[in-house]
Amino acid sequence: MLTPIPAVAGMATPYGAAVHLHPFRNDPNLKRHLVEHTDVVVPMNALKWASLRYEKRRFDFSGADEIIEFAEKNKKTIHGHALLWYHANPAWLDAVRSPVELENLLADHIEKVVGRYAGRIKSWDVVNEVVAHDPVSQGLWRGGVWYDVLGPRHVEIAFRLAAQADPKTLLFINDYDLEDDSLRTLKRQQAILSIVRNLQDKNIPIYGVGLQAHLYAERQIGIRNLQKFLKSLKAMGLVVSITELDVIDWKLPRNIMERDRLVAAKAEEFLDTVHEVVKPQMITSWGMNDAYSWIQEVFPRDDGAMPRPLPFDVNWKVKPLFETIRRFSS
Ligand code: XIL
């Protein structure tokens, strides 16, 4: 097991943003805001299999290189997302049925991708969303090509390979819905703990847990369960990152000032709860500008008003959410 580097007292928590390639290329204000306001850059989709491996026999690093070279030029830290996910895979990958073939593909992928950016990508989401959406009714594991073909060992394989490809990069398990007080979330927290424990028992390096933190404005933060979960992680020597922060505002009132206030208040409730137990390794929002957020498509509002999940509005006007994040990251 790697020993986590203790946070330096008083040192600011880095603020990061995930970067979508299309606006990155087309909205010069996005680059400007990244340069001015972020410490960490995360390619939002460019490192996923669907982007890198659209064709089976050819890697396409063009999008990832573009974002990563920009980040390096501007002295930003880079977080990689993600080496294994059940979603955003090319169709040819989802069609693989042979365990030997799939393991070889994963080995080749991680060796080439982590190897290419070794020493440049500081931390990686090695596995993303491997816990079932609802472990109460579905069992611990998320279905999909990795689990269906390789079984639970897909997680061990991925962490081993990532550590070999870049022994210095920090290896994370990343997942969502870990912060409310439902039984489903409690089971999801327990699933993460059991996966981490299994890796540690086998001496497979794991550095931290990423809380995606796609927060639902209408849900209470489950303070007790979340803090217990974070304490367990801390006791196991793991660090915690906030990796995909945004606030889903589909059930909030339409009024913009009111909505922005409640969005920020939800993030504050969450960050406060986390900070009482651990100082996160970074706080990253899943984009910067409302216009380019995945929430626009995935969590539309009944009244048709535009969702406002991120720190800046469509005109790059700073919102209360950014002030809140900044309070916790400096
Ligand atoms: C989303 C991106 O934001 C979208 O642009 C893309 O179309 C689909 O994926 N959890 C994750 C992220 O781990 O990779 C997802 O990102 C959002 C949910």
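No lab work stands behind these numbers, since they all come straight from the coordinates. What you see is a predicted model, and the numbers here were worked out from it, not measured in a lab. Quick reminder, even Gly has a Cβ in these numbers, built from the backbone with ideal geometry, and neighbours come from all protein chains shown.
Structural remarks
- FRET efficiency, 1/(1 + (r/R0)^6) with R0 41 Å, evaluated for Val35 and Trp92 via beta carbons: 0.65
- Between region 65-117 and region 256-318, the Cα center-to-center distance that results, in Å: 27 Å
- Amide hydrogen proximity for Val239: with H placed 1.01 Å from N in the peptide plane, the residues at 5 or more positions away or on another chain lying under 5 Å are Gly208, Val209.
- Over the chain, DSSP H runs of length four or greater, each weighted -39,500 (n - 2.57), average out per residue to a 222 nm ellipticity of -13000 deg cm²/dmol.
- Three-way shape call for the chain based on the alpha-carbon gyration tensor, with the a/c threshold at 1.5: rounded
- Choice from Asp108, Asp260, Asp290 with maximal GNM fluctuation in the chain (Cα, 10 Å cutoff): Asp108
- Ranking of Glu55, Glu156 by neighbouring Cβ atoms within 10 Å, starting from the fewest: Glu55, Glu156.
- Remark on region 181-302: Rg and Dmax equal 15.7, 52 Å (Cα only).
- Inter-label distance, nm, simple model (7 Å from Cα along the C-beta direction), Met306/Asn198: 4.4 nm
- Over region 121-181, volume per residue of the alpha carbon convex hull, in Å³: 90 Å³
- In the structure shown, the pairs Lys76/Lys168; Lys75/Lys122; Lys48/Lys112; Lys48/Lys122; Lys48/Lys319; Lys122/Lys187 are assessed against 19 Å; a Cα-Cα span above that value is assigned to Lys48/Lys319; Lys122/Lys187.
- Which of Met257, Met306 has the fewest Cβ neighbours within 10 Å, and the rest in rising order: Met257, Met306
- Over region 1-116: Rg over Rh, Cα atoms, Kirkwood Rh: 1.04
- Distance (nanometres) between label positions extended 7 Å along Cα→Cβ at Lys56 and Ser137: 3.6 nm
- Simple point charges give the picture: +1 on the Cβ of Lys and Arg, -1 on the Cβ of Asp and Glu, and for the chain a dipole about the Cα centre of about 600 debye.
- At 1.567 mPa s and 4 °C, Stokes D of region 253-330 from Kirkwood alpha-carbon radius, µm² per second: 98 µm²/s
- Percent RCO, i.e. relative contact order, over the chain, from Cα pairs under 8 Å lying at least 6 residues apart: 18 percent
- Residues His275, His81, ranked from the fewest to the most other C-beta atoms within 10 Å, line up as His275, His81.
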